[in-house]
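The values are calculated or read from the model by the stated rules, or taken from the named source; none is laboratory data. None of these values were measured; they are calculated from a predicted model. Virtual Cβ from ideal backbone geometry, glycine too; neighbours counted across all protein chains shown.
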Amino acid sequence: TTRRLTGFKPTGHLHLGNLLGALRPLIAAQEHSSSIALIADLHALTMDHDPARVRALTLEQATVMLAAGVDPDRTPIVVQSQVPEHTELHYLLECVAGFCEAARMIQFKEKSAGGGHVRLSLLTYPVLMAADILLHDVVQVPVGEDQNQHLELARALATRFNTRYGPTFTVPEGVRPEAAARVMDLAEPAGKMGKSGGTGRIALLDPPEVVRKTIARAVTDEVGEVRRDPEKQPGVTNLIDILAACAGRTPADPHSYGALKREVADAVEAVLTPIRARHAELAADPGYVREILAAGVAAVRPRATAVVRRTRTALGLLD
Ligand code: ATP
Ligand code: MG
């Protein structure tokens, strides 16, 4: 079985894009590969943050993952900060990473633009991400385009380390997520749906009336035809893709945008209803979710400590 890792930052509520682009592929992969679902809370500290919110979202994301079908017996759900080897390996990798290499990252440039206080952790973020991957001897990392450059850095660091200090890390490869790779924002379909920014987001726990309203308000165009055309009709294309991902079909009534939106709303509702119900059950028993998270740590810790031990020794630290 191939080891995979998918990360989620507790910076906001999980949304339809996270479900279709990351959670669903993760759940489907449970059949044939061993995955780790990482809740990357340390990454949520790289930008201005509210401590109570990060803590609440960490637990919420774990609960939503279980509700959506992540099987904790096959896929450990791991809170990054609860495996201290992440931070230890982060430091050790900083000793093979270059300052300029980190400063070149597009995401760093984008997120640090506009001045103000830039956290040093924002600069070293991709090194921590490399540590997340290398720590678990991960072979495959499903990545969207936005993470390509970071994955390349992880590969470069692993290769450089292995060459300089001897074989230590598995060099990971990036794989494209199988399902609907990118769900776009419903209000601004030029950009992807995200936890932060955008106004056309469907959170997995949004109540039904909010989901319907968000879809009813989705931006379309003046063309007046229900047709897949990402260039000229990004909004309509996004709705068609969401319908395909949620219901596995093309529009039954391909004549009006109103009808398309109703079909999409029904399809999304059919996907979200059981997740909401299961979430309500699980949320009533936070002790259970805590147990799952403790089991996640226990499942990955032996390998993580072995990898860190290997790294320390290779670097010349006294054991
Ligand atoms: P943020 O806006 O804080 O970056 P995000 O919505 O991009 O949040 P992440 O925690 O960065 O969420 O990503 C979690 C996973 O969900 C990643 O695998 C990412 O590729 C995937 N993902 C995020 N947004 C989308 C989207 N709109 N469509 C498909 N997949 C997505
Ligand atoms: Mg993101």
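A few comments on the model shown:
- Verdict on Val268 being under 28 Å from Ile36 (Cα atoms) and of a type in the set (A, V, I, L, M): yes
- If you go through the stretch 213-228 and keep only what is crowded, with 19+ Cβ neighbours inside 10 Å and not β-branched (Val, Ile, Thr), you end up with just Ala218.
- Residues in the stretch 102-153 that are under 17 Å from the mean Cα position of the chain (by Cα) and of a type in the set (Lys, Arg): none.
- Selection status of Pro177, in the same structural domain as Leu59 (by TED's automatic domain parsing) and either part of a loop (DSSP other than H, G, I, E, B) or away from ligand 2 (no atom under 16 Å from the Cβ) (or both): yes
- Candidates Arg24, Arg53, Arg4 - the one that is basic (Lys, Arg), within 20 Å of Glu145 (Cα to Cα) and in a helix (DSSP H, G or I): Arg24
- Here Leu318 does not fit the description of being aliphatic (A, V, I, L, M), on the phi < 0 side of the Ramachandran plot and in a helix (DSSP H, G or I).
- Glu60 being surrounded by fewer than 22 Cβ atoms within 10 Å (Cβ to Cβ), of a type in the set (D, E, K, R) and assigned to a loop (DSSP other than H, G, I, E, B): no
- The residue that is farthest from the chain's Cα centre (by Cα), counting only those in the stretch 192-231 that are hydrophobic (A, V, I, L, M, F, W, C) and part of a loop (DSSP other than H, G, I, E, B), is Val223.
- Cβ-Cβ distances below 9 Å connect no pair with a first residue in the stretch 281-300 that is in contact (Cβ under 8 Å) with a residue 40 or more places away in the chain and among the polar types (S, T, N, Q), a second residue that is assigned to a helix (DSSP H, G or I) and surrounded by 12 or more Cβ atoms within 10 Å (Cβ to Cβ), and a separation of six or more residues or different chains.
- Looking only at residues in the stretch 182-197 that are near ligand 1 (Cβ under 6 Å from one of its atoms) and out of contact with any Leu (no Cβ under 8 Å at 6 or more places or on another chain), the one that is farthest from Pro142 (Cα to Cα) is Ser196.
- Yes/no for Leu153 being in the same structural domain as Ser35 (by TED's automatic domain parsing), away from ligand 1 (no atom under 14 Å from the Cβ), surrounded by 15 or more Cβ atoms within 10 Å (Cβ to Cβ) and not acidic (Asp, Glu): yes
- Among the residues making up the stretch 229-258, a single one is surrounded by fewer than 17 Cβ atoms within 10 Å (Cβ to Cβ) and closer than 19 Å to Pro208 by Cβ: Gly258.
- The set of residues from the stretch 16-34 being small (Gly, Ala, Ser) and within 16 Å of ligand 2 (Cβ to nearest atom) comprises Gly17, Gly21, Ala22.
- Looking at Ala67, Ala44, Ala37, just one residue is assigned to a helix (DSSP H, G or I), in contact with a Leu (Cβ under 9 Å, 6 or more places away or on another chain) and within 16 Å of ligand 2 (Cβ to nearest atom), and that residue is Ala44.
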